[in-house]
Amino acid sequence: MSSQLLIESFCYGNIKLFTTENIDYQDQDLLNKIYIKLRESISERDINSLWNIIYNIQNNINLSHINFFIFVRNIFNILDDAYYPDYTKIGFDNLNIMKSYLINDINFFINAYSASDLPVSNDMVKYYQSKFKKEQEYIDSFGIITQYSLPGDKWEPEWVIKYNQNVIKTSNIDIYLDNIFVYPNINYASNMNDILEKMITRLTFLKNNCNEYYKNLERYLYSFSLHVFNNFPYYEVSKYYQNMIDITDNIYIPDGINKEDFKGIAVMLHVIPPTLSSYILGFPCISMGSLSQKLLNKLIIDITYNEHSYFKHIEEKNNDIIKSQMFVDTCANGIDDGNILNLLYNEVKTYNSDDVKVIMSNGVYFVFTYPEFENIWNTELNPYNRSKVPDSFITYIKSYTENKKKILSECRRRGLKIKLEGTMQENFEELMTNIKNFNPNIINTQTWPSMGNFDFNITIDTPVNRWISYINSLG
């Protein structure tokens with residue numbers, strides 16, 4: 001690995017992602033370059049982006065030489081000069097909490113080695129205790145215990161602080177360690193929101209500041225974006241996915257779509273299931289099946305170009321379908337300018353043709369639409385003449401309603417709450433509005449907590465735990 005990549009990885013990214021190489025704390029030239037690069041970048045950085053510095057040292061703890069402690073002290077001094085370390089508060093955006101994670105890990109290592117045949121020398125322990133006295137007093141005053149999980153195939157990112165009988169947790173830290181980009185198979189919990197926006201901000205920061213590191217990370221963005229597109233809440237994708245497209249070409253875009261066309265409405269209609277997008281576009285998908293990808297692409301371009309004209313064209317097709325089901329020109333519905341109306345005084349042709357049902361009763365045709373189905377189902381009566389409707393119609397209503405609810409249920413899993421009880425244009429507008437809303441109470445996932453107080457079982461697997469287990473195994 002080049003010196004440049006190592007320096008960029010330490011100052012901006014995550015050393016462990018692209019190399020197994022450790023920092024050589026006796027290479028003073030390398031350490032000086034790290035100090036210079038860190039000082040150059042510090043004034044332009046959000047404090048949360050400093051978590052990568054702490055994490056990189058955590059993964060490069062070396063107690064065999066005093067230069068390690070000198071290096072850590074110098075890094076802490078650089079951070080202290082740029083950010084105020086508050087010794088009175090606890091929070092993930094507090095520099096002292098960041099340092100506490102590293103200090104606790106170092107303490108664990110020292111304790112683990114003391115029980116082995118290779119204890120840390122007394123001189124180094126004394127140096128460490130004197131140079132990091134203030135940080136240690138902060139930890140002791142709050143009784144701070146720090147824990148974190150490592151990324152893996154079935155990964156639930158989590159960083160935990162326990163202090164004075166309190167617990168706070170977050171998973172946002174792994175954004176700044178780039179683990180979420182490289183290990184994308186994660187759960188999205190109901191108490192998170194706008195996480196993709198934060199990740200896009202992170203990508204932009206890396207692209208602008210560390211070219212060599214970013215090139216390595218960019219190789220993972222296609223698989224990451226595919227996971228986002230297939231699993232993140234719809235509101236995240238609809239609001240922020242286009243911003244990812246502007247950052248990189250190595251991003252998932254559905255087959256047959258030009259990059260310049262994949263924005264706005266197109267993103268929203270492609271991210272939802274094909275059955276729903278077919279329905280929203282006016283196609284009778286419940287009775288006939290979903291549109292093909294090729295035809296879906298074409299219709300999305302058409303509706304994006306001129307929404308009003310698009311639906312007018314579908315309405316005329318629906319009108320022909322409705323008339324083809326009437327063998328005599330006798331309809332009991334209201335008529336306005338030649339258009340058949342439902343009981344809500346809407347033209348029936350403005351509904352998806354699957355939402356329209358024509359029946360005959362006593363030699364007269366009646367046309368019903370989805371908003372009227374529930375009342376007919378409950379009463380089993382024709383609202384126009386109060387006569388009993390055919391049993392076959394009730395069976396149809398029940399079956400159709402259940403199939404439509406399956407579509408809605410599938411969407412709720414990813415945070416989309418819609419009813420689809422209106423005309424084609426009303427349903428389209430409902431989707432365009434509601435897909436941008438965050439509905440945390442309806443996302444069915446496991447755990448990925450955001451910053452705040454939460455209480456659930458955790459599994460801790462840190463480098464320290466692994467080292468302690470290894471040392472103990474040696475007897």
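The values are calculated or read from the model by the stated rules, or taken from the named source; none is laboratory data. Everything numeric in this text was worked out from a predicted model, so none of it was measured. With ideal geometry, Cβ positions are generated from the backbone for all residues, glycine too; neighbour counts draw on all protein chains shown.
Listing for the model above:
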quantity: Members of the range 189-205 that are at pLDDT 90 or above and within 24 Å of Glu156 (Cα to Cα); calculated: Leu196, Glu197, Lys198, Met199, Ile200, Thr201, Arg202, Leu203
quantity: Test: residue in the range 99-111 that is in contact with a Gly (Cβ under 9 Å, 6 or more places away or on another chain) and within 21 Å of Lys169 (Cα to Cα); calculated: no
quantity: Yes/no for Ile66 being surrounded by 18 or more Cβ atoms within 10 Å (Cβ to Cβ) and either touching a residue at least 40 places away in the same chain (Cβ under 8 Å) or among the β-branched types (Val, Ile, Thr) (or both); calculated: no
quantity: Checklist (1) surrounded by fewer than 20 Cβ atoms within 10 Å (Cβ to Cβ); (2) over 20 Å from Met288 (Cα atoms); (3) not aromatic (Phe, Trp, Tyr) applied to Val358, failing item; calculated: (2)
quantity: Within the range 283-337, helices (runs of 4 or more DSSP H) holding 2 or more residues that are small (Gly, Ala, Ser), without any contact (Cβ under 8 Å) to a residue 40 or more places away in the chain and exposed (fewer than 13 other Cβ atoms within 10 Å of the Cβ); calculated: 307-324
quantity: Failed condition for Met244, given (1) closer than 23 Å to Gln293 by Cβ; (2) more than 19 Å from the chain's Cα centre (by Cα); (3) in a helix (DSSP H, G or I); calculated: (2)
quantity: Subset of the range 67-102 [touching a Ser or Thr at 6+ places or on another chain (Cβ under 9 Å), assigned to a helix (DSSP H, G or I) and modelled with pLDDT under 95]; calculated: Ala82
quantity: Considering residues of the range 7-45 that are closer than 12 Å to Asn216 by Cβ and of a type in the set (A, V, I, L, M, F, W, C) only, the residue surrounded by the fewest Cβ atoms within 10 Å (Cβ to Cβ); calculated: Leu17
quantity: Residue match in the range 310-319 (condition: of a type in the set (Val, Ile, Thr), at pLDDT 95 or above and within 30 Å of Gly264 (Cβ to Cβ)); calculated: yes
quantity: Residue that is modelled with the lowest pLDDT, among those in the range 165-186 that are closer than 21 Å to Asn94 by Cα and touching a Phe, Trp or Tyr at 6+ places or on another chain (Cβ under 6 Å); calculated: Ser171
quantity: Test: Tyr384 is surrounded by fewer than 21 Cβ atoms within 10 Å (Cβ to Cβ), in contact (Cβ under 8 Å) with a residue 24 or more places away in the chain, within 22 Å of Thr423 (Cα to Cα) and in contact with a Cys (Cβ under 8 Å, 6 or more places away or on another chain); calculated: no
quantity: Contacts under 7 angstrom Cβ, first residue in the range 198-216 being in contact (Cβ under 8 Å) with a residue 40 or more places away in the chain, partner of a type in the set (S, T, N, Q) and surrounded by 22 or more Cβ atoms within 10 Å (Cβ to Cβ), 6 or more apart; calculated: Tyr213/Ser9
